[in-house]
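The values are calculated or read from the model by the stated rules, or taken from the named source; none is laboratory data. Keep in mind the model is a prediction, meaning the values are calculated, not measured. Cβ placement follows ideal geometry from the backbone for every residue including glycine, while neighbour counts extend to all protein chains displayed.
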Amino acid sequence: MSVALPWSLPANGISDTDMRKFWIVAALTFAVDQLSKYAVLYGLDLLNRGERDVLPPFLNFRMQWNRGINFGLFQGHTDLARWLLIGLALGISGWVVWWMRRETGNRMALISGGLLVGGALGNVTDRIFQSEKAVADFLNMSCCGIENPFSFNVADIAIFAGALGLVLFSGGADKPVKPTRSKR
């Protein structure tokens, strides 16, 4: 007896090729996020150095362990909070996969969904496997005399871009238009 998982159910309008594109975007996003974290944290030794100026003041590496969501909101220093955020990220990712399986041939929405899922899984991986049991944030951008206290990572960028893309591009923007009858 085989079990049908939500992401393997037949789609209403999405081909397997399009879903492959979704998964490729998600996998590439995840890989770039994890590789960038590894390179900066261990290759540039940001874990011990704490900070490194790259293109001051515009781009700096500032190590922060984020136990909350974007910009450190809803910080939770307990295992319960960590597992709730992991569950929330996995639940939202599962829902986006289900949604994308039903989106009607909209490639931009699929790319956006892949960005969001890949980024969310990158941050979930940090919460599970990093020694601090938190998300490794290291990108810090400031400008024009305004010092930004927050750091973020590639996954955060992908999540934000993916969510924005889903708002802008989902909802069947590529649906075929029915021809109209002209009156004689």
Given the residues 33, 45, which is the only one that is closer than 19 Å to residue 136 by Cα, buried (at least 17 other Cβ atoms within 10 Å of the Cβ) and of a type in the set (Asp, Glu)? 33
In contact with an Asp or Glu (Cβ under 8 Å, 6 or more places away or on another chain) and either surrounded by 15 or more Cβ atoms within 10 Å (Cβ to Cβ) or at pLDDT below 80 (or both): does that describe residue 60? yes
It is to be established whether one or more residues within the stretch 124-140 are within 22 Å of residue 170 (Cβ to Cβ) and touching a Ser or Thr at 6+ places or on another chain (Cβ under 7 Å). no
Just checking, does the stretch 86-103 include any residue being surrounded by fewer than 20 Cβ atoms within 10 Å (Cβ to Cβ), of a type in the set (Phe, Trp, Tyr) and within 13 Å of residue 135 (Cβ to Cβ)? no
Can you tell which of 135, 167 is surrounded by fewer than 21 Cβ atoms within 10 Å (Cβ to Cβ) and at pLDDT 90 or above? 167
Does residue 113 meet the test of being of a type in the set (Gly, Ala, Ser), at pLDDT 90 or above and within 22 Å of residue 42 (Cβ to Cβ)? no
Take residue 147 and decide whether it is of a type in the set (Asp, Glu), over 21 Å from residue 67 (Cβ atoms) and over 17 Å from the mean Cα position of the chain (by Cα). yes
